[in-house]
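Have a look at the structure below before the remarks.
None of the figures in this text is laboratory data; all of them are computed from the coordinates on show. In this text, all values refer to a predicted model and were calculated from it rather than measured experimentally. As a convention, Cβ positions derive from the backbone with ideal geometry for all residues, glycine included, and neighbour counts pool all protein chains shown.
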Amino acid sequence: MRSILIAGSLLFAAAQGFAQAVTDNVGQVSTGMPAILQNVNFRPELNAQMPLNTAFTDETGKSVFLEQYFHRQKPVLLAFVYYGCPMLCTQLEQGVVGSLRMLSFNPGREYEVVFVSFDGRDSAPMAAAKKNTAIEHFRRPETASGWHFLTGSKESIAAVTNAANFHFNFDAKNNLFAHASGILLLTPDGRISRYFYGVEFPGRDLRLGLVDASQGKVGTPVDKALLYCFQYDPSTAHYSATILGVMRIGAVLTMAGLLFVILFFRRREIRASRTTLSQQGAH
């Protein structure tokens, strides 16, 4: 399975010792990779169930369960990061904020955003700082209740990352993690609906993904109609136009156009007939 990962984010060299991994194919391990990058991948399975009864700590220091963010038929955008990450995770956080800012949907109303740290050493104050930065860049302070930054134990972290097939390695020498980058879109009952790789995400893909994940509860009739034209491809983790979908929409529009023309001319005929009868009655 292909993943779009950022090669430049790995500044992995003996002199620099930067152990963050972004490869072109997280599903396959290259024998030429450094040992720290072996088995680092992100290969979600569609419809896989996330363990919602997993305990975490939120950015305020309060104990929570993952299930608290799955309610009222709203989808959830979930991303794995660690708050001490010097580059890649910050890029991912900024990418999520920037991409979501292009949408008219709002966190807390149409969907929830959840960042889960996979570093058991991260703390609630670190999570709070990340949330404050995200809200500031999102520029919609009223959405603060829809953004969540979690920390947890190694057991909790393993439960959710394993469910998503997100695997990382820790480089003790350089005190850094080698990891992939991407996001999950989850259904209101916690199943993986869509996933996207990288650190930047097209607004169209995110919008359609949220509509898909919400099972039609989020979005306009136009959004739902677009799903007939655009189909999600798990192998590329993108939405692409489908010939059949476009033809269906074209056929519907053509039929609607013909019906409009028929009704238009029929009404003209009726009005003309009434005018003629009125004139004859006047004579």
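In this structure, the residue pairs whose Cα-Cα separation is over 31 Å, taken from LYS74/LYS154; LYS154/LYS217; LYS74/LYS131, are LYS154/LYS217. Modelled label positions at ARG43 and ARG121, each set 7 Å beyond Cα in the direction of Cβ, lie 3.0 nm from each other.
Give the calculated FRET efficiency between ALA128 and ASN162 to the nearest 0.05, with a Förster radius of 22 Å applied to their Cβ-Cβ distance. After rounding to 0.05, the efficiency reads 0.25.
Based on Cα contacts under 8 Å between residues 6+ apart, segment 150-211 shows a relative contact order of 18 percent. Once the chain from ARG191 to SER63 is taken as fully extended at 0.36 nm per residue, the excess over their C-alpha distance is 43.8 nm.
For the pair HIS137 and PHE170, label points projected 7 Å from Cα toward Cβ lie 2.6 nm apart.
Protection proxy ranking of 190-200, 92-102, by the mean of other Cβ atoms within 10 Å over each peptide's residues and highest first, is 190-200, 92-102.
If R0 is 30 Å, the Cβ-Cβ spacing of LEU258 and THR236 corresponds to a FRET efficiency of close to 0.25. Computed packing ranks the peptides 51-58, 233-240, 75-82 as 75-82, 51-58, 233-240, most packed first, by mean other Cβ atoms within 10 Å. The Cα atoms of segment 145-246 define a convex hull whose projected area, averaged across directions, is 8.6 nm². Between VAL222 and ARG268, the FRET efficiency estimated from the beta carbon spacing at R0 = 25 angstrom works out to 0.20.
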